[in-house]
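Data block below; observations after.
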Amino acid sequence: MSDVAEGGSATSTRPDDVPIESQRRFRAMRRVGVGALTVFVFLGVANLVGVRVGHASAVADGTSLAVTYASVTRPGLSTPWSVEVRRPAGFSGPVTVVTTSEYFESFDFNQWYPEPSGTTVRGDALVLTFERPEGEMFELSFDGRATPTFNLGASAVTAIESEGLPPLSVEYRTVVMP
């Protein structure tokens with residue numbers, strides 16, 4: 001005997017009929033979702049959402065200042081930043097690099113290469129002094145990663161302020177992708 005004959009209720013396990021229009025709409029939504037996921041995977045494979053490097057430079061009286069920085073980065077990624085100062089006649093004394101200190105607060109700092117002989121803060125500027133470099137080029141690089149709290153991005157100005165060198169400065173911005 002069945003449960004229905006004994007006074008029980010029959011509960012069907014068969015799903016309700018779904019109209020064909022709803023089935024088509026759900027299928028279209030799945031296709032859009034898979035398409036969006038495919039686009040994100042393609043962007044990642046093509047490294048279009050990773051670190052992008054930018055360059056800013058200035059020249060005066062034969063001296064050049066060039067800053068290489070991440071124009072786009074993501075939290076946790078190693079983020080490049082370097083300064084190159086070229087002077088065909090060589091350097092007569094120490095080189096002083098002045099840059100926006102708030103910019104570097106957005107990074108997990110590891111080290112400067114080379115290490116500065118002096119570091120001070122002047123207002124909102126970080127002042128790094130280096131011994132007189134040999135030759136016609138001075139290069140400074142930074143080892144750090146964008147912090148997880150790096151919101152949207154940061155702007156900076158980097159300049160050289162050294163005796164015997166013309167005042168040069170460049171502006172740049174790093175954007176952080178989620």
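The values are calculated or read from the model by the stated rules, or taken from the named source; none is laboratory data. Every value quoted in this text rests on a predicted model; they were computed, and no experiment measured them. Here the Cβ positions follow ideal geometry from the backbone for every residue, glycine too, while neighbour counts run over all protein chains shown.
Hey, any hits in the range 117-130 for a residue that's of a type outside the set (Ser, Thr, Tyr), in the same structural domain as residue 158 (by TED's automatic domain parsing) and touching a residue at least 40 places away in the same chain (Cβ under 8 Å)?
So far as the range 117-130 goes, no, none of its residues is of a type outside the set (Ser, Thr, Tyr), in the same structural domain as residue 158 (by TED's automatic domain parsing) and touching a residue at least 40 places away in the same chain (Cβ under 8 Å).
Tally up the residues in the range 81-92 that are touching a strand residue (DSSP E or B) at 6+ places or on another chain (Cβ under 6 Å) and without any contact (Cβ under 8 Å) to a residue 60 or more places away in the chain, please.
Of the residues in that region, 2 qualify.
Quick one: would you say residue 49 is modelled with pLDDT under 90, assigned to a strand (DSSP E or B) and either surrounded by 10 or more Cβ atoms within 10 Å (Cβ to Cβ) or touching a Phe, Trp or Tyr at 6+ places or on another chain (Cβ under 8 Å) (or both)?
no
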